[in-house]
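**Q** Take this structure, written in structure tokens, and hold onto it; I'll ask about it next.
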Amino acid sequence: MSKSVLLVEDEPNIIEAISFLLERDGWTVRIHSQGSDAVEAVERVKPNVLVLDVMLPGRSGFDILKDLRNDNTTKDLPILMLTARGQTKDRELAESYGVSHFMTKPFSNEEMLGKVRELYAASTDKV
């Protein structure tokens, strides 16, 4: 079974960079660019790890995170949240909603790859 990531991001350069990095490491990457139906995309794709942007068209990543944590089928999904705004209040809000990890843009390739691997490993240890 291959490892899968759902990338919910609307910036083409970020999508391209993360997709290339993860696919080169053996991940299956699915992309979704809208906030308004991102929860449905997660339920449909059933990824091993979700990479979620904060600022999305149609709906905030914070609202999506909150909905996913309140749903029994996605409450334990590893979620790495990305933001261009690295303010403490954003990090605290994400943590209060149950984010697995919070990362600011720009990020290094090593940081992104290492954290996705770590989140995946931690989630498979629980099973």
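**Q** Residues of the stretch 108-127 being crowded, with 16+ Cβ neighbours inside 10 Å and either over 14 Å from Leu77 (Cα atoms) or of a type in the set (Lys, Arg) (or both), which ones? Talk me through it step by step, then tell me what you get.
**A** Of the residues in the stretch 108-127, the ones crowded, with 16+ Cβ neighbours inside 10 Å are 112-113, 115-116, 119-120.
Those that are crowded, with 16+ Cβ neighbours inside 10 Å and either over 14 Å from Leu77 (Cα atoms) or of a type in the set (Lys, Arg) (or both): Met112, Leu113, Lys115.
**Q** Ser96: in contact (Cβ under 8 Å) with a residue 40 or more places away in the chain and either out of contact with any Phe, Trp or Tyr (no Cβ under 8 Å at 6 or more places or on another chain) or open to solvent by less than 60 Å² (accessible area, probe 1.4 Å) (or both), yes or no?
**A** Taking the combined requirement at face value, the residue does not satisfy it.
**Q** While we're here: So is Thr73 under 13 Å from Val42 (Cα atoms) and open to solvent by 50 Å² or more (accessible area, probe 1.4 Å) or not?
**A** Working: under 13 Å from Val42 (Cα atoms): yes; open to solvent by 50 Å² or more (accessible area, probe 1.4 Å): yes.
Against the criterion (under 13 Å from Val42 (Cα atoms) and open to solvent by 50 Å² or more (accessible area, probe 1.4 Å)), Thr73 qualifies.
**Q** Listed residues Leu22, Leu52, Leu7; which is assigned to a helix (DSSP H, G or I), under 15 Å from Leu119 (Cα atoms) and open to solvent by less than 10 Å² (accessible area, probe 1.4 Å)?
**A** That would be Leu22, the only listed residue that is assigned to a helix (DSSP H, G or I), under 15 Å from Leu119 (Cα atoms) and open to solvent by less than 10 Å² (accessible area, probe 1.4 Å).
**Q** Further, regarding this structure: Consider only pairs whose beta carbons are under 9 Å apart and that are at least six residues apart or on different chains; among these, list those whose first residue lies in the stretch 79-90 and is within 22 Å of Val5 (Cβ to Cβ) and whose second residue is small (Gly, Ala, Ser) and open to solvent by less than 50 Å² (accessible area, probe 1.4 Å).
**A** Partner pairs satisfying both residue conditions: Ile79/Ala94; Ile79/Gly98; Met81/Gly61; Met81/Ala94; Leu82/Gly61; Thr83/Gly61; Thr83/Ala94.
**Q** Looking only at the stretch 28-53, count how many residues are in contact (Cβ under 8 Å) with a residue 40 or more places away in the chain and in contact with a helix residue (DSSP H, G or I) (Cβ under 7 Å, 6 or more places away or on another chain).
**A** Count: 6.
The values are calculated or read from the model by the stated rules, or taken from the named source; none is laboratory data. Remember, predicted model here, so these are calculated numbers, not experimental data. Glycine also receives a Cβ, built like all others from the backbone with ideal geometry; neighbour counts cover every protein chain displayed. Protein only, heavy atoms only, side chains kept; ligands, DNA and RNA dropped before computing areas. Shrake-Rupley method; radii C 1.70, N 1.55, O 1.52, S 1.80 Å.
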